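For reference, the structure discussed in these notes is given below.
Bear in mind these aren't lab numbers, they're just calculated from the coordinates by the rules spelled out. From a predicted model like this one, the values you see are computed outputs, not experimental measurements. We place every Cβ from the backbone using ideal geometry, glycine too, and count neighbours over all the protein chains shown.
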Amino acid sequence: MLLLLDILTTAAILFVVSVGLLAIFGVLKIINFAHGAWLTIGAYCAVVSVRLGLNPWAGLPIAFVVGALLGGVAELFIIRPLYRRPLDAILATWGLGIVIGQLITLAFGRDVQLIPNLMSSTVRVLSVDYSVYRLFMLFAALAIGALFALTIEGTRLGLSARAVIMNETLARSLGIDTDRVRLTTFMIGAGLAALAGVLLTPLTSVDPNMGVAWLIGAFMLVMVADTSYLALAAACLIFSGAQVLVSTFVSPVLGGISIAVLAALVLRINPRGFSRA
Amino acid sequence: MPEDAALLDNRPGWTIASEWRVPAAAAVGAALIVWIAPLVLGAFAANVLTRSMIYATLAVTVDLLWGFTGILTFGQAAFFGAGAYATAMTMTSLGSTPAWMAAALVLAIILPMVLGLVVGWLSFYHGSTPLYASVISLVFPIVVTQLVYSGGLLTGSSSGLVGYDTLPLDLEGFFRLSGLVMVAVTLAAWIFVRSDAGKLLVAVRDNDIRCAYLGVSPRRVQIMLTVALAGVAGFAGFLFAHASGVIAPENTGFLFGTQLVIWVALGGRGSLLGPVLATLAIDYLSASLSGDLPFLWQLVLGTAFVIIIIFLPDGLAGLASRASAAIFRSSKQTRVPRVALAASHSAVETSATLLKVTGLARSFGSLSVLENINLEIHPGELVSIVGPNGAGKTTLIRCLSDGSEPFKGVVEIAGKPIKALTPDRVVALGVGRKFQVASIFESLTVAECLRLARTTSETPSGIGSAPLLSLPTASVEILRLTGLIDLIGFPVGLLSHGMKQALELAMVLALEPRLILLDEPTAGLTKAERATIGAVLRHLTAEAGYAIILVEHDLDFVREISSRIVVLHQGRLVLDGAVEDVVNSETVRTIYSGGGHV
Amino acid sequence: MSEARSDEVLGLRNISSGYGAVSVVKSVTLSVGPGEIVAMLGKNGMGKSTLLKTILRLIPLRSGVIQIRGIDQPDLTPAQMIAWGLSYVPQEQALFQDLSIRDNLRLAVRNDGELGAALDHAFDYFPFLRERLRQKAGTLSGGEQKMLILARALMLRPRLLLIDEISEGLQPSVVDRVVGVLRDERSRDGTAMLVVEQNLDFALRVADRWAVLKMGEIDDEGPCGLEAHARVLEHLSL
């Protein structure tokens, strides 16, 4: 039972962290290696809002807005020039991540920031005491996933984004402003990353480099999911299952690399990952 | 005739000795500096620079992989760390007698090479993407780091290994050793990239498909390079373990791997010297500034990195070479080999079936592109395949040259089925393919492209550049008729469209293939150029016994030179026969005026 | 033929464009008047599709001038050309196979508010679409797909319609229908059209004028009529 809850909540956390990266990868066809830095930005938004005396939950919308605005700037000046050079885009975003990390360090210092948890305490679930917050993450993942799905399937922007994902040239020849679609998508993806950063604060220590560890996992999951958010959900479930099982029964250290290794193998067998299924 | 060849050439080839003068002098000079420096530098500087020089050696390996071969890798750190850990673990657990030290050295080189083989096999396969190779190069150091963390006492876990016996050298000794290794590796790399074999790296980066169609498997080149450079990185790890006396998981991690890439990018990828100097400068400065302004420095580096990637992809070395070219107005003097005629081995069995296609079909999902194609080609035939757009012509050519295409039916070249054979293996059966858009190597010169085309007949040297470029008669014909013979030393990027087509044709002919597949060879050519190509093709089949399959839209051209015409329409072969019969047939008229529905 | 006419809808003056090192369209000068249907003929690889993509600004113009209503147009984006009133029927990969018919059509209108009126106009010509809105575009037959593409282009009542080989692979009865639709549209709305074709019969039936593109330049042109067929056939035949 405990295992099952761990798997589900880990999957939820991974999904929340990765969904922003998926949106960007699908529409812009690049890997945003600054994703970890945006997680960190979000977490520090939470730090700032607590310092300003606001309700800790206020950190969520603040982080989303800040993340989106900064994402817009990044897309215009860094991503756009590298449209035809995807490997260089990985490097440039990685550099951007370094720059952001150092700026945060200069502003806030290197130390771990302590902020009050959004929720503490445990609750009894079917004879097991489990963290309320982790269960909340399940809800958050479903909510975010549902909102994301709604946007993609129901709104005009979502339709344009899907068109750009499928065939950008055709979308352009129909008069769709693909530059604007890419910019908007990047901003949403960045906003989601920052949002995820806030949600991570009770689960991990907040310091300028907290995002890097999550970047790799998110990156591998997105590569396996290709452009489908449903495939991302499936990948999160399967891979978190592997991670939890390996951590519990073999070694926690090896559990940490199970996602990366599994993803690499899956991609070797089928370069489009799970999205085919 | 050899006399002809001598007449053709009008530029003398340089001798090898003069080519080596400058780099030899530079290497000796650098070695001298390395030798003297420890007497001048303080202990701190000497310590840091020893490490920096080892890192610079690593940077050279990253530049060879990324700058020259186009493989963006974060994994060299893991090979380095594997070598370092192999050394330290041997010394710690097994002993530090000279015998064990020697064993550690061997292990430090072999273990990373074995890992390199695994990584190479995972990353490079027919159809792999550069992104996937980079992904693997990212995952690999993470795995290695985690393995180190979980190694307990054996690997020292997060504390690392320290206190093992090292080589009996003092600070000066290690400085000189590291420095000389750095100079030696850089020199070796420099010699290699200038040699004929070294051009393979650039070829794989520029156009790996063309490599395959010249009979060279790009995957093998990538894997071999990975394994070799993993060994070099392991050796650097061995040095590092001894010179620093302490190793930790950070030495194997992907963060260190990204550091290397950043240094290479700032120095200038593909310039060898740039990455070396950048590594030395940045690592030294980082250590010196450690006390004062660490974050600002990282910030500056990060910003510089982003700016360089976007605006100056060639890094500071690129900037320097552009500046020096402006100042000294020096042009890149590449050695120009002399063209000679190769001994021709055209063992052509007359009338044996060269190509046999039975029941070939190819579909994409539910869309059927080719259906029930049956075809036989013999030496001496010039067969043109015509048909409206979308008839499946290029797909047919692809199925005839790439056995890994998922087609149904049987395709046999000289009696051997090509199913599952990658293009380089099909080329080995005697097939040459020329693409619709000239598929050549944009970063190389004409001579270098032609020499690469001869790789399977004459193994290129890994040290120098052969002064003679021997080509078969047909290739030389093309070069002469199109005037390319005067442009042998020219960079390909400066050639006109027609010249590029001619070069590609010359390269394909240099393979001396029995069956040549040409996809729209006259696209974009002037009338004169088309006449030239037509004459050559006719000569090749009529007199030299080649077989040619030609996909064309220019129906006048087809009519003039073909011995046979095959008409493809909506994926089916509707006509196959002598030129006059096909040209005058009703079916063809209907198809071309848009009325035909088969 | 080459003077700038302010009553022309589209004017091309010595335009050239291409891919990479090759200029596929070398120097094209052409004029399309209001309500005029011009057929652009030529063998494969001569630059016909590239020409249309250049007019739409999908491919950058290398030299020469594109004029709309006699006024030189500087660098415009495809979105701007379409906003002006240009509509394009691509030759290949023209539909989002995995999206519904409705979504395919929806992507062509600028905002959902205009969708209703646009759909009605589409249904005028091709009523079969009305029942199949939820169907995935990829499940339609080849002919139906072409009709959908045409409907999508006509939906917005364009001023200038660019069509790339719409008759390819169509049954003769469907071809007839398309001829009717195009001529109707011209009569009703005065839409000008540039129709790229390999199918000679179709082209000459629908157009007022023809031009042959050869090696990136206009080789010959003339009005559609009795001698047109023979003249053009010479350019196209073996």
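Tabulated data for the structure shown
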quantity: Estimated FRET transfer efficiency when R0 is 30 angstrom, pair A:Asp179-C:Gln135 (beta carbons, to 0.05); calculated: 0.45
quantity: Extreme residue, positive dipole direction of chain B, given options B:Ala241, B:Gly430, B:Gly315 (C-beta unit charges); calculated: B:Ala241
quantity: Summed side-chain charge close to B:Ile377 - residues other than B:Ile377 whose Cβ falls under 12 Å, Lys, Arg +1, Asp, Glu -1; calculated: -1
quantity: Cα centroid of segment B:122-192 to Cα centroid of segment A:43-93, whole Å; calculated: 34 Å
quantity: Whole-number percent relative contact order across segment A:6-75, with pairs defined as alpha carbons under 8 Å at least 6 apart; calculated: 20 percent
quantity: Shape call, chain B: gyration tensor on alpha carbons, a/c limit 1.5; calculated: prolate
quantity: Label zone at B:Thr587, where the point sits 7 Å out along the Cα-to-Cβ direction: segment B:553-580 residues whose backbone N lies under 17 Å; calculated: B:564-580
quantity: Over chain C: helical MRE at 222 nm, DSSP H runs n ≥ 4 each giving -39500 (n - 2.57), nearest 500; calculated: -10000 deg cm²/dmol
quantity: Helix-only CD estimate at 222 nm, as mean residue ellipticity for chain B, using -39500 (n - 2.57) per DSSP H run (n ≥ 4); calculated: -17500 deg cm²/dmol
quantity: Burial order of peptide ranges C:110-122, A:183-195 (average beta-carbon count within 10 Å, highest first); calculated: A:183-195, C:110-122
quantity: Simple spin-label estimate for C:Asp219 and B:Leu154 in nanometres, 7 Å along Cα-Cβ; calculated: 7.5 nm
quantity: Estimated distance in nm for a label pair at C:Arg188 and B:Glu405, the labels positioned 7 Å out from Cα along Cα-to-Cβ; calculated: 4.5 nm
quantity: Shielding by partners - mean other protein chain Cβ count within 10 Å, residues of A:83-93; calculated: 5
quantity: Whether segment A:2-210 is rounded, prolate or oblate, judged on the alpha carbon gyration tensor where a/c under 1.5 counts as rounded; calculated: oblate
quantity: Sparse-neighbour loop sites [trypsin sites (Lys or Arg not before Pro); segment B:404-438; at most 16 other C-beta within 10 Å; DSSP]; calculated: B:Lys419
quantity: Estimated dipole of chain B in Debye, rounded to 20 [Cβ of Lys and Arg +1, of Asp and Glu -1, Cα centre]; calculated: 340 debye
quantity: Calculated FRET value between B:Leu468 and B:Lys419, using beta carbons and R₀ = 41 Å, to 0.05; calculated: 0.60
quantity: Fewest-first sequence of C:Arg134, B:Arg454 by Cβ atoms within 10 Å of each Cβ; calculated: C:Arg134, B:Arg454
quantity: Chain A, relative contact order in percent, only Cα pairs under 8 angstrom and at least six apart counted; calculated: 36 percent
quantity: Charge-dipole axis of segment A:2-210 as Lys and Arg at +1 and Asp and Glu at -1 on Cβ define it, positive-most pick from A:Gly197, A:Gly158, A:Cys45; calculated: A:Gly158
quantity: Likely footprinting exposure, C:Tyr19, B:Tyr149, B:Tyr55, fewest C-beta neighbours within 10 Å first; calculated: C:Tyr19, B:Tyr149, B:Tyr55
quantity: Sites B:Glu543 and B:Arg572 - FRET efficiency at Förster radius 22 Å, r taken between beta-carbons, to 0.05; calculated: 0.05
quantity: Only Lys, Arg (+1) and Asp, Glu (-1) charged, at Cβ; the protein assembly as shown dipole about Cα centre in debye; calculated: 1200 debye
quantity: Dipole of the protein assembly as shown [Lys/Arg +1, Asp/Glu -1 at C-beta], most positive-end residue of A:Asn270, B:Pro472, B:Ile373; calculated: A:Asn270
quantity: Inter-part distance where segment C:167-238 and segment A:182-197 are each reduced to a Cα centre, Å; calculated: 49 Å
quantity: Links that overshoot a 32 Å alpha carbon limit, given the list B:Lys419/C:Lys146; B:Lys199/C:Lys43; C:Lys146/C:Lys214; B:Lys408/C:Lys146; B:Lys527/C:Lys146; calculated: B:Lys419/C:Lys146; B:Lys199/C:Lys43; B:Lys527/C:Lys146
quantity: Gyration tensor verdict on the protein assembly as shown (Cα atoms; rounded if a/c is under 1.5, prolate if a/b is larger than b/c, oblate otherwise); calculated: oblate
quantity: Approximate spin-label separation A:Leu76-B:Ser496, in nm, with each point projected 7 Å along Cα-to-Cβ; calculated: 4.5 nm
quantity: Cleavage-rule hits, chymotrypsin sites (Phe, Trp or Tyr not before Pro), segment B:383-457, DSSP coil, Cβ neighbours within 10 Å at most 10; calculated: none
quantity: Beta bridges by DSSP in chain B, antiparallel share as percent, to the nearest 5; calculated: 50 percent
quantity: Alpha-carbon centroid distance for the pair segment B:479-554 / segment C:8-81, whole angstrom; calculated: 31 Å
quantity: GluC sites (Glu not before Pro) lying in DSSP loop within segment B:478-548, provided at most 12 other Cβ fall within 10 Å; calculated: B:Glu543
quantity: Distant-in-sequence amide H partners of B:Gly432 (H built 1.01 Å from N, under 5 Å); calculated: B:Leu515, B:Ile516, B:Leu517
quantity: Point-charge dipole on Cβ atoms (K/R +1, D/E -1) for segment B:399-480, about Cα centre, debye to 20; calculated: 180 debye
quantity: Peptide B:305-313 - average C-beta neighbours from other chains (10 Å radius); calculated: 6
quantity: Length-normalised contact order for segment B:375-425 - Cα pairs under 8 Å, 6+ apart - percent; calculated: 25 percent
quantity: Which of C:Phe202, B:Phe44 has the fewest Cβ neighbours within 10 Å, and the rest in rising order; calculated: B:Phe44, C:Phe202
quantity: Other protein chain Cβ atoms within 10 Å, averaged over every residue that makes up A:172-185; calculated: 5
